[in-house]
Amino acid sequence: MTFGHSLRPWKHTLTAATWAVLTAGIGGALTTIGPWYYNLTKPVGQPPDWAFGPAWTLIFTLTAIAGVWAWRDSETAAQRQRIIFIFVVNGILNAGWSGLFFALKRPDWGRIEVVFLWLSVAAMMAITARFSKRASLMLIPYFLWVGYAAYLNCGVVRFNRPFG
């Protein structure tokens, strides 16, 4: 085994971790919690603000692990391209939701976009399941959390409209 070959697994792990941190960082930068957010009427079941950081940290960690496992268990370049594609699409949708809801103060647009985010998580689960069942299972918390976020988003729209 050559030195370069022994680093290859770490390269994939580092790439997945970097993508997760980048997605989380962009989403976090777009999430401005201030008077506008605090004045919104929230639906029943809204968790405390401090719970979102640990929840998203766990979700991004599990998602990065799932991506690495699916990548390592796939066999062809085409399969790896599908994995990369759906993870990139999901990252864009994830950060995009924060931009719509918080930066643009358009929960009504976020309510539409969160459906695509949720579907992208379902697609990630379906694609990774072809190569790694355990990778797909790692995405269940993300799938459930986005469904919960959709419920919260719909409640904010219902209790606070109109927007824009």
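A short reminder: the numbers here are calculations on the coordinates, not readings from a lab. This is a predicted model, so every value here is computed, not measured. All Cβ positions, even for glycine, are placed from backbone atoms using ideal geometry, and neighbour counts span all protein chains on display.
How about Lys11: which lysines have a C-alpha closer than 26 Å to its C-alpha, ignoring those fewer than 8 places off in the same chain?
Lys133
Net charge near Trp36: determine it from the other residues with C-beta under 15 Å of the C-beta of Trp36, scoring Lys and Arg +1 and Asp and Glu -1.
Combined, the nearby Lys, Arg, Asp and Glu give +2.
R0 = 30 Å: FRET efficiency of Ala78 with Thr18, Cβ-based, nearest 0.05?
Efficiency at R0 = 30 Å is approximately 0.80.
Rank Pro47, Pro35, Pro107 by mean-square fluctuation in a GNM of the chain with C-alpha springs under 10 angstrom and give only the top-ranked residue.
Pro35
Where the only charges are on Cβ atoms (+1 Lys, Arg; -1 Asp, Glu), what is the dipole of segment 3-160 about its Cα centre, to the nearest 20 debye?
The calculated dipole for segment 3-160 is roughly 240 debye.
Using the Karplus curve 6.51 cos²θ - 1.76 cosθ + 1.60 with θ = phi - 60°, work out ³J(HN,Hα) for each residue of segment 118-132 in order, rounded to whole Hz, and write x for Gly and Pro.
Once θ is set to phi - 60°, the couplings for segment 118-132 become 4, 5, 5, 5, 4, 5, 4, 4, 5, 5, 5, 4, 5, 10, 8 Hz.
Can you find, among Leu104, Ala78, Pro141, the residue sitting farthest towards the positive end of the charge dipole of the chain, where Lys and Arg contribute +1 and Asp and Glu -1 at Cβ?
Of the options given, the answer is Ala78.
Once you have the alpha carbon radius of gyration of segment 3-160, what is it after dividing by 2.2 N^0.38 Å, with N set to its residue count?
1.10
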